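Enquirer: Attaching a single structure in structure tokens format; questions to follow.
Taken together, the values in this text are just the output of simple stated rules run on the coordinates, not laboratory data. In this text the structure is predicted, and so the values were computed from the model without any measurement. Cβ: placed from backbone, ideal geometry, glycine included. Neighbour counts: every protein chain shown.
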Amino acid sequence: MSAVTSLDDHYDVAVIGAGPAGLAAATVTATAGLSTVVLDDNPAPGGQVWRAVTTTPVQDRRVLGDDYWKGQEIVQAFQASGAKHALGAAVWSLSREREIGVSFGGGARMLEARRVVIASGALERPFPIPGWTLPGVMSVGGAQTLLKASGLVPGGRVVLAGAGPLLWLFAHQMLQAGGQIHAILDTSDRAGWRAALKHAMPFVTSPYLVKGLKLMAGVRRRVRLLTGVTSLAAGGRNKVEAVIFRQGSEGGQRMAADMLLLHQGVVPNVNLAMAAGVEHHWDAQQLCFVPVLDTFGGTGIEGVAIAGDGAGIAGAEAAVERGRLAGIAAVRALKGDTGKLPDETASRKVLAKYDGARAFLDTLYRPSRGFRIPAGDTIVCRCEEVTAQQVIDNVRIGCTGPNQLKSFLRCGMGPCQGRMCGLTVTELIAETRGVTPAEIGYYRLRPPVKPIALAELASMPKTESDVTAVVRI
Amino acid sequence: MQYSFLNLVRQGLSGHQDWPAQWRSPEPKTAYDVVVVGAGGHGLATAYYLAKEHGITNVAVLEKGWLGGGNTGRNTTIIRSNYLWEESEAIYEHALRLWETLSRELNYNVMYSPRGVMMLAHNVHDVQVFKRHVHANRLAGIDNEWLSPEEAKAFCPPLNISRQLRYPVLGGALQRRGGVARHDAVAWGYARGADRLGVDIIQNCEVTGIRRDINGAVEGVETTRGTIKAKKVGVVAAGHTSVLMAMASLRMPIESFPLQALVSEPIKPVLPCVVMSNSIHAYISQSDKGELVIGAGTDVYTSYSQTGGLHITTHTLEAIAELFPTFRRLRMMRNWGGIVDVTPDRSPIIGTTPVPGLFVNCGWGTGGFKATPGSGHVFAATIARGEPHPIAAPFSLERFVTGRLIDEAAAAAVAH
């Protein structure tokens, strides 16, 4: 077993995140004989895609599907590789000198690594609609987490709304698990099909096509699908009671519901990388900030690489290959070519296949403007309860960007540390000011990237240099 | 528009849609009577008092980022005036008196809250020094009182006064008129006030050079938005002052250090005052939002990076966790840094420079926020008259040549 109960001060390689990319990277470096540690705050390996793949109570393999169980193989390879796995280890800081601040086993500490692979994965894109903070409104990813980790399936009248592959996958899994879906409200833009056609060739030849069509056809047979949804709101007093929506330019409809699950794609989880000082740029196709990387996932910071969806959304299979490439680069940097490396060209070939197909999916499921850039009283920042209109009003009286907005409205200063509002705020300010999101930029992120108890920081183990650093002569 | 009950009702009736912008965003003119570099609290206050008290309204405040985005928006907002030396007492007390009426003066709620600032003594040296401060302050008519550990605990119930601590509480010096204010509101209030008097606040305008005529006197500044002429230039740029002054070939006796602060998740009101511990260099207070605001010390190395060393923070938190055991399980949400400009005697520099027409206000170290109104007030007078205001006079640049220092560092054993 690879799980550890204590951490060393130094490792050759530290991998942050135990999802597809992190596991693959660690397997490569540990197999090559480098001391490797994987830090992840979850109780089991797998990340989001393969969450609880070793522990899930959902043992009927048809429910979660073959792609999920594929994760078992990767986890087994990882566990056999000799890499150490710190379960429940929350990384809250990474410096340019590759010092990692981690909270593990009830205490905080620092550790150092010669190479760091950030594999922090993706987050669901915020879906700010009126009423999205009501109890009973969740993200599709959140519901899927409950299914994988605890075998929970939502009951009552469940409505799924949004767009993107994960929405269809979860609908399929939920039906397989014996759940009932009241309706699916598809918000993808009809114009998206036409735009996506020019990227169709690589998609047709990719593994996505057959899988995707089969999945969607299966779900469609059993669930009422309403397409061309152009506006969406959750209604209810103390919990969601209904979904209010429009199809195209038709009049408003109201559908009674006990649960509304929202999803409009995933975006890179950039908090740790940005806080470490990795340069990011605005990706106009994926509508999010992505790190600037070389072909092995290397960042501008010496010895720090990013692999997986944190490097730009490409899916689990691509994440595995990107993880391997980052692992290969780490081994070459620390040991030279040892011969015990996986085949780089094979990884690149697989990657090319998935990357090519991505443009089609990105264009097809590009979340439409109205669902990214809210208006009026719709909450933008959930932690501080800031509405879209407040943001617009403050931009009009002189606020120029997200960091200044913090002092005006406290937007992004709550416990989620901007994860639930960052992109919305950037795009909202950009639109109000009439400039590009690239020009607006993102919140300035700083450690701790995960909230950490005062006592943990206060009880950090001390080295001699730590003491000299605060002793005043 | 005046902020008043009547206007509040009037705007309320129209759904609060017609409040005007608090300040304009003007294009820079080609020339001004005075250019102030730096739109933090001190710079904006300077512009405000230039217009208000000296009738000089043709003033531009240039800011490379946004107003109040530097140390004004990053500090822990502590206000007090219980310094040791008469010169320091004079300027900080001058500021404190202005704080007391500032919201009314600016027609803007700066949320000044005189909840009391308590400085803890942890060893015999602290006790002696703080008692000396108490006596010195009382002689100068400034309130400051000595509290026994039990009195300190009565004033601040969450405080742990056990004798077993690594930093035991042996007593404290309390200034009841001390407290906190809302830092952003101070910048906004002065900005709005100055703007209403005709001052141009120009954001996103970085000064790249200081122009001088053949006699060496200042004739304007080069900026990223063009050349702006002015016979008088006041530099109020905190940590970056030495960079700006170098443009006029002046070397400043200041060093720039990162200073850090952090906040916890918000909780219900538990901490009724500001608590400082100079020996450990920790400050703590509770914001109106409910977050505990904790200030740490400066790094021991100079730097322009707005992030400080983690050791500094953990050192501070060790002490906080001992002094306030109930806070141990609170989660820390954010940590940030600012660049503070520190002089050899830990006192500011306010006044004229060897370059005619060039004025400087800097060196406030880790404690400039409390001085904001007083600093702006005397600096405005200094610029307007071309000679130091009496309160500013001891804080001249020449003191580092003459040796007439105001050594608050030795007095308090801490940079503050």
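Enquirer: Near residue A:87, within a Cβ-to-Cβ distance under 15 Å, what is the net charge of the other residues, with Lys and Arg +1 and Asp and Glu -1?
Expert: After counting each charged neighbour, the total is 0.
Enquirer: If I model a spin label as a point 7 Å beyond the Cα along the Cα-Cβ vector, how far apart are those points for residue A:61 and residue A:382 in nm?
Expert: 3.5
Enquirer: Given a Förster distance of 30 Å, report the FRET efficiency between residue A:99 and residue A:389 from their Cβ-Cβ distance, rounded to the nearest 0.05.
Expert: Result of the calculation: an efficiency of 0.10.
Enquirer: Just add up the charged neighbours of residue A:451: K/R +1, D/E -1, any other residue whose Cβ is under 13 Å from the Cβ of residue A:451.
Expert: The answer is +2.
Enquirer: Other chains' Cβ within 10 Å of B:319-325 residues: what's the mean?
Expert: Partner Cβ neighbours, averaged per residue: 2.
Enquirer: Can you list the lysines whose alpha carbon sits under 23 Å from that of residue A:340, skipping same-chain ones fewer than 8 residues off?
Expert: Partners within reach: A:84, A:349.
Enquirer: Roughly how tilted is helix B:124-139, in degrees to the nearest 10 and between 0 and 90, from the longest Cα axis of chain B?
Expert: 50
Enquirer: Among all the aspartates and glutamates, which ones have a C-alpha under 13 Å from residue B:52's C-alpha, if same-chain residues fewer than 8 places away are not counted?
Expert: Within the straight-line cut-off, residue B:52 pairs with B:105, B:195.
Enquirer: Additional query: In whole angstrom, how far apart do the alpha carbon centroids of region A:249-274 and region B:359-378 sit?
Expert: 49
Enquirer: Now for a separate question. Mind checking the angle between helix A:316-335 and chain A's longest principal axis? C-alpha axes, 0 to 90 degrees, to the nearest 10.
Expert: 20
Enquirer: Lysines near residue B:289 by alpha-carbon distance under 16 Å, same-chain residues fewer than 8 away left out - which ones?
Expert: A:406, B:268
Enquirer: If pairing requires two Cys Cβ atoms under 4.7 Å apart, which cysteines of the protein assembly as shown are left without a partner?
Expert: A:288, A:383, A:399, A:416, B:156, B:205, B:273, B:362
Enquirer: Could the peptides A:322-328, A:55-61 be put in order, highest first, of the mean number of other beta-carbon atoms found within 10 Å of their residues?
Expert: Ranking the peptides A:322-328, A:55-61 by packing returns A:322-328, A:55-61.
Enquirer: Can you pull the mean other chain C-beta count within 10 Å for peptide A:458-467?
Expert: Rounded to a whole number, the mean comes out at 4.
Enquirer: For region B:1-106, what class follows from the C-alpha gyration tensor (a ≥ b ≥ c being the square roots of its eigenvalues): rounded when a/c is under 1.5, otherwise prolate if a/b is larger than b/c, else oblate?
Expert: Since a/c reaches 1.5 but b/c is at least a/b, the shape of region B:1-106 is classed as oblate.
Enquirer: At a 10 angstrom cut-off on C-beta neighbours, averaged per residue, how do the peptides A:425-437, A:355-367 rank from highest to lowest?
Expert: By packing density, highest mean first, the sequence is A:355-367, A:425-437.
Enquirer: Then there is this: I need the calculated FRET efficiency for the pair residue B:268 and residue B:150, taking r as the beta carbon distance and R₀ as 35 Å, to the nearest 0.05.
Expert: For R0 = 35 Å, the calculated efficiency reads 0.90.
Enquirer: With a sphere of radius 12 Å drawn around the Cβ of residue B:340, what net charge do the other residues whose Cβ falls strictly inside it have (Lys, Arg +1; Asp, Glu -1)?
Expert: That works out to -1.
Enquirer: Still on this structure, please answer the following. What average count of beta carbons from other chains do you get within 10 Å of the Cβ of residues in B:329-341?
Expert: 4
Enquirer: Right, something else. Give, as ranges by residue number, the residues of region A:1-18 whose backbone N falls under 19 Å from the point 7 Å along Cα→Cβ of residue A:80.
Expert: Taking a point 7 Å out along Cα→Cβ of residue A:80, the residues of region A:1-18 whose backbone N falls under 19 Å are A:1-3.
Enquirer: Report the label-to-label distance for residue B:304 and residue A:222 in nanometres (one decimal), using points 7 Å from each Cα along the Cα→Cβ vector.
Expert: Distance between label points: 6.2 nm.
Enquirer: Follow-up question, since we're still on this one. Taking only Cα atoms and a 10 Å spring cutoff, compute GNM fluctuations for chain B and point out the largest among B:175, B:286, B:17.
Expert: B:17
Enquirer: Give the distance, in whole Å, between the Cα centre of region A:151-171 and the Cα centre of region B:219-245.
Expert: Result: 59 Å between the Cα centres.
Enquirer: I would also like to ask the following. Among B:22, B:128, B:11, whose mean-square fluctuation peaks in a Gaussian network model of chain B (Cα, cutoff 10 Å)?
Expert: Most flexible of the set in this elastic network: B:11.
Enquirer: Rounding to the nearest 10 and keeping the result within 0 to 90°, find how far the Cα-based axis of helix A:20-31 lies from the longest principal axis of chain A.
Expert: Taking Cα atoms only, the helix is inclined about 20 degrees.
Enquirer: Anyone know which of B:184, B:200, B:288 comes out most mobile in the 10 Å Cα GNM of chain B?
Expert: B:288
Enquirer: Taking 7 Å along the Cα-to-C-beta vector as the label spot, tell me the residue B:222-residue B:206 distance in nanometres, rounded to one decimal.
Expert: So the two model labels end up 1.4 nm from each other.
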